[in-house]
Each structure stands twice: as structure tokens, then as C-alpha cells.
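**Q** Can you keep this structure in mind? I'll have questions shortly.
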Amino acid sequence: MGLKAPRFWDFMFQSLFRVQSQRLRQKMWENYPKSSQLRWQLRLCEERAPSELAMYERVRTLCGYLDPQTLLRVADGLVPLGRARPREIIAFEEVVLGLLDASGHFKWLPLTEGKDKHDQRRTVGTPAQSQA
């Protein structure tokens with residue numbers, strides 16, 4: 001087993017990609033090609049940010065160093081040829097694909113100003129409900 005995955009990698013794989021298996025999170029770390037920029041950004045994301053916007057930008061920058069096609073290729077490479085695909089791999093791939101836009105890049109909802117900025121569930125372009 002290689003070096004232990006950084007805490008934010010582990011957190012991101014649990015929260016964003018919904019990977020519950022520690023083993024799969026670790027295998028993805030061991031097999032994903034890691035640039036110095038990716039390692040730096042992971043360390044930066046583990047630190048307390050001065051604001052919510054700063055943390056949003058850190059995570060967005062981090063995702064810029066994560067290539068969705070490479071994530072899928074690494075996951076595919078964890079399954080030996082001729083073997084059935086484990087459910088955890090299939091679930092991971094489905095989540096990744098669901099986070100992509102039509103051009104294969106991660107989708108990002110705009111961070112809006114004002115009191116509705118935390119409600120990213122609303123449809124982009126629709127007015128937020130006023131809180132009277």
C-alpha cells in the first residue's frame with residue numbers, strides 16, 4: 001500500500017463522489033496521477049479558509065486538477081479484465097458522470113450574492129423565495 005490519501009481527498013471522495021469504501025478511496029489515491037499542483041491544492045483545502053468564497057474557490061481550483069476522464073479510467077483500471085465490476089465502482093462512475101456537463105467538465109453552480117447564496121438547490125435563473 002502506498003502513502004495514505006490526504007484527508008481532503010478522503011473527505012471529497014466521501015462527500016462529493018459518495019464513496020463510502022475507505023479501500024476504494026485509498027486505491028483511487030494510489031493510482032491517480034498526482035501533479036504537484038494537485039498535492040498543493042489538497043493541502044490548501046485542508047486549511048481553514050478566510051471566507052466561504054475563498055474555500056469555494058479553493059475547491060473549484062482543486063477540481064480543475066481532477067480530470068473526470070482520468071478518474072473514470074483509474075476506476076476502470078481497478079477492475080481486472082474479465083471480472084464483474086464491483087457495485088462500489090459502478091456507483092462511483094455514475095456519480096462522476098452525473099457531475100459532468102455536456103462537454104465532460106465538472107458542473108458548477110454560480111455562487112450568488114445575498115441571503116440565498118447557500119441554497120444551491122434552486123434552479124439557476126429562478127428567483128429565490130423571499131424570507132419575510
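**Q** Take the residues of the range 1-39 that are polar (S, T, N, Q) and either free of Cβ contacts under 8 Å to residues at least 12 places away in the same chain or more than 16 Å from Val95 (Cα to Cα) (or both): which is surrounded by the most Cβ atoms within 10 Å (Cβ to Cβ)?
**A** Within the range 1-39, the match that is surrounded by the most Cβ atoms within 10 Å (Cβ to Cβ) is Gln26.
**Q** Return the only residue of Leu71, Leu44, Leu24 being farther than 19 Å from Leu97 by Cβ, assigned to a helix (DSSP H, G or I) and hydrophobic (A, V, I, L, M, F, W, C).
**A** The unique qualifying residue is Leu44.
**Q** Moving on. Could you tell me whether Val59 is β-branched (Val, Ile, Thr), surrounded by 13 or more Cβ atoms within 10 Å (Cβ to Cβ) and part of a helix (DSSP H, G or I)? Don't jump to the end; show me each part of the working.
**A** Values: β-branched (Val, Ile, Thr): yes; surrounded by 13 or more Cβ atoms within 10 Å (Cβ to Cβ): yes; part of a helix (DSSP H, G or I): yes.
Against the criterion (β-branched (Val, Ile, Thr), surrounded by 13 or more Cβ atoms within 10 Å (Cβ to Cβ) and part of a helix (DSSP H, G or I)), Val59 qualifies.
**Q** If you scan the range 74-97, which residues turn out to be free of Cβ contacts under 8 Å to residues at least 40 places away in the same chain, under 19 Å from Tyr32 (Cβ atoms) and part of a helix (DSSP H, G or I)?
**A** The answer is Asp76, Ile90, Glu93, Glu94, Leu97.
**Q** Among the listed residues Leu111, Leu99, which satisfies the condition of being more than 20 Å from Asp10 (Cβ to Cβ) and either under 13 Å from the mean Cα position of the chain (by Cα) or modelled with pLDDT under 60 (or both)?
**A** The unique qualifying residue is Leu111.
**Q** Which one of these does Glu47 not meet: (1) over 19 Å from Asp67 (Cβ atoms); (2) crowded, with 18+ Cβ neighbours inside 10 Å?
**A** For Glu47, the exception is condition (2).
Residue-wise test of (1) touching a Pro at 6+ places or on another chain (Cβ under 9 Å); (2) modelled with pLDDT under 60.
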| site | (1), (2) |
| --- | --- |
| Leu78 | yes, no |
| Gly82 | no, no |
| Arg85 | no, no |
| Glu93 | no, no |
| Ala128 | no, yes |
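The values are calculated or read from the model by the stated rules, or taken from the named source; none is laboratory data. What you are looking at is a predicted structure, and each value in this text was computed from that prediction instead of being measured. Every residue, glycine as well, gets a Cβ built from its backbone with ideal geometry; the counts of neighbours run over all protein chains shown.
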